[in-house]
Amino acid sequence: MMMEVLIAEKRGFCFGVEHAIEMAQRLLDEGKEVYSLGPLIHNSHVVKRLSDNGLQVVESLDQIGLFTCSCPENPSKPTPTVLIRSHGCRPEIMEQIMQRGLELADATCILVKKAQKLVKQLFDQGYQVIIVGDPNHPEVQGVVGYAPNVVVVAGPEDVRTMSQKGKIAVISQTTYSAEDFGKIVGLIAMKGFEEIKVVNTICRETSRRQASAVELCKQVDVMFVLGSHHSANTAELAQLCKRNGVMTYHLQGWDEFEPQYVEGKSIAGVTAGASTPDWIIQEFVERLANIK
Ligand code: SF4
């Protein structure tokens, strides 16, 4: 009997990631020398394709200085362009790009930009700003730069050690799970702050992917969540499926699949994080559907 494979209604690339990839490709097609500060997206296949087309990944602006030839015998060399990925960055990085005479191509997702502006506004209104999220995630590391003393809460343990003075405003990393954000907000509410303002900055694309995955979990025996092991929203999707009681595998693609994952199963579900290209999903679904 062939495996029945169901696909989540909402899965894969979000508009923020698509926009960043399109911007990178357009700049490369225009013949620009383009540098991305950190990998453009959390997907090695896409990063490799863009790298083959000329996109260079650097970890700091100083590296661009090393690569750039300023010699007079090569005057036609274009000014390097620095591409800010959809996760955004701290404001001072943008300033440094301009000060160094580099070109700035800002692919920060509009929803991340909204969170960055909000942090500043809330601080200006006198709130101590709290962001619930992963302190090591580039989006969070960028957002905290938009106001002084922004506190990152990674989980319940950080709430326990919070001081409890004054008025606070709580926002979330865009890819955080709504369920976990609600729990953290509940714990903060028990701390006795004078005022708590909560702004839901979870991206709708993320929430829709999560809702679709939960819906699919009700219909299948096993779930496959496709995407990089470094992708926060993919990892979150996989955790969510596990919490919904379905055996779940987080795989980068078909090359990580093992036949024992589907032994004794008849219906499999497939979803994918926001940085997973469609062809990876298609290939996985087709090969899985052919398993006997
Ligand atoms: S997941 Fe949401 S916030 Fe992040 S890039 Fe995509 S659309 Fe933007």
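Rule-based calculations on the coordinates, nothing more; no lab input. Note that the structure is predicted; figures quoted are calculated from it, not measured. No Cβ is skipped: glycine too gets one built from the backbone with ideal geometry, and neighbour counts run over all protein chains shown.
Structural remarks
- Relative contact order of the chain: 23 percent, from C-alpha pairs under 8 Å at least 6 residues apart in sequence.
- Neighbours of M247, meaning other residues whose beta-carbon lies under 10 angstrom from its beta-carbon, give a summed charge of +1 when Lys and Arg score +1 and Asp and Glu score -1.
- Mean-square fluctuations from a GNM of the chain, with a 10 angstrom spring cutoff on Cα atoms, peak among V17, V82, V159 at V159.
- Space enclosed by the convex hull of the alpha-carbon atoms of the chain, per residue, Å³: 134 Å³
- Of the residues V143, P259, Q121, the one whose Cα sits farthest toward the positive end of the charge dipole of the chain, with +1 on the Cβ of Lys and Arg and -1 on the Cβ of Asp and Glu, is Q121.
- Hydrodynamic estimate: the Kirkwood radius of segment 111-202 over Cα pairs, inserted into Stokes-Einstein at 25 °C and 0.890 mPa s, corresponds to D of 191 µm²/s.
- When only Cα pairs below 8 angstrom with a gap of at least 6 residues are kept, segment 183-292 shows a relative contact order of 28 percent.
- Estimated at 0.36 nm per residue, the fully extended path between W279 and M190 surpasses their Cα-Cα distance by 27.4 nm.
- Dipole magnitude (debye, nearest 20) for the chain, charges at Cβ of Lys, Arg, Asp, Glu: 840 debye
- Long pairs among K113/K167; K32/K114; K113/K165; K10/K191; K48/K114, criterion Cα-Cα beyond 32 Å: K10/K191
- Computed from the Kirkwood radius of its Cα pairs, the Stokes-Einstein diffusion coefficient for segment 15-109 at 10 °C and 1.306 mPa s stands at 118 µm²/s.
- Stretchable slack from E263 to V151, in nm (0.36 nm times residue separation minus alpha-carbon distance): 35.7 nm
- The mean sequence separation of alpha-carbon pairs under 8 Å and at least six residues apart, normalised by the residue count of segment 216-277, gives a relative contact order of 51 percent.
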